[in-house]
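Any read-out appearing in this document is the output of simple, stated calculations on the displayed coordinates, not a laboratory observation. Since the model is a prediction, treat every value here as computed from it, not as a measurement. Neighbour counts are summed over all protein chains in view; Cβ atoms, including those assigned to glycine, are modelled from backbone coordinates with ideal geometry.
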Amino acid sequence: MSKATLQRRPLVKKILDGADDNLLVIGGLGSANWDITAAGDRPLNMPLWGAMGAPVAMGLGLAMAQPKKRVLVITGDGDMLMSLGSLATVAAQQPDNLAIVVLDNEKFGETGNQATHTSPRNNGPTDSGAGTDLAMIARGCVRPSRTASSSSAMCWSTSGPTPCRRLIQSS
């Protein structure tokens, strides 16, 4: 039996459908940037090429500096794993205008598709991960938090802004 997966491009397009001048979008390393651009390039999309581990911290900074704007971070599992501490910092600040979407394909796509820690244990001799659950880590950072998980995607927010609700509806 194969694992059901989401198609990331249509999902990102659905999340960004109707994006307006009040939404700042930060794209994580690699595929997330291409997914955001394919959904419709706009001046308020900020791809962070080559800045692995930076999108959540950048999103938090923007959310705090621009409290009247909504900030959405869309990134991958490898990128999120590199900056897990940023989730605790987001939880400490609790901005109500920040949402984080993690597209989890269990691979480091930019460096040759090696397994990330979210890949299941014993998934092969060179592709074995640790079975890390990013949604559980996000929930552990702050209570109450809202997480939406589905095959290959997770959204986390301290307040549940629109992008999280859209992710819940699309899964």
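Points to keep in mind about this one:
- Ranked by how many other beta carbons lie within 10 Å on average, peptides 24-33, 72-81 from highest: 72-81, 24-33
- Here the convex hull built on the C-alpha positions of segment 12-72 has a volume of 71 cubic angstrom per residue.
- Segment 1-142, Cα convex hull volume normalised per residue, Å³: 111
- A straight Cα-to-Cα reach below 17 Å connects K68 with the aspartates and glutamates D20, D21, D96, residues fewer than 8 places away in its own chain not being considered.
- Averaging 1/r across all pairs of distinct Cα atoms in segment 72-117 and inverting the result yields a Kirkwood radius of 11.5 Å.
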